[in-house]
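Some notes on the structure that comes next.
FYI, it's all coordinate maths here, none of it is from the lab. This structure is a prediction, so every number in the text was calculated from the model and none was measured. Positions of Cβ are backbone-derived with ideal geometry, glycine not excepted, and every protein chain shown enters the neighbour counts.
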Amino acid sequence: MVATGSYHGRNVQSRRAATADDSRGSRVTDETASSRRADQPVPEPADEPPPSQRTERVDLSGLTVAGITRRRVGFAASALLAVWIVIVFARQVGDATAASNRALQMAADNATLAAEVQSLQGEVDQVTQPEHVAVVARGFGLGGPREVPFTLDPSVQPPVDGAPGSASVRLGATTDHQTPLESWLSLLFGPSS
């Protein structure tokens, strides 16, 4: 609902008229209020034109719409600005943290890649040694003239643990021989240290 033109001119004063009245100290006293009767109309001032001929608009800046004032609008705008700044700052901090984490991850990846390159370089050094080349060449039948070439059949299963030539029985390895009683005790109570 629009308030323009809905108030009678006697009820709304312009700012100039309101300040002039306040400066003169004009106030309605109890005597004038009691001397007027309720059924008597209030006379309209003679110097004011009728409302249809007025060209001056009513100043509504003094009226608040739903409690919204300039000060409250200013506070709301400054609060929105502060929230926006906090959000932008938090986003920048999050981006900086993500970039820092990416840099740390890249440094760790570089260290891992450097170690892998080092191990591959050691493998290349080992493969290029003449002794290794000679062993591989013999596997392809490229040995000396008196050598008999041989290869292991790929269908043969690797030897089981404990068999001669297996990895568990190596040349020069010491074996622990236990008595049957020690074997049973280690099964029941665990190995002794």
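Here are a few things to note about the model shown:
- Estimated FRET transfer efficiency when R0 is 41 angstrom, pair Asn101-Glu123 (beta carbons, to 0.05): 0.80
- Here the spin labels are modelled as points 7 Å beyond Cα on the Cα-Cβ line, and at Ala82 and Gln157 they lie 8.0 nm apart.
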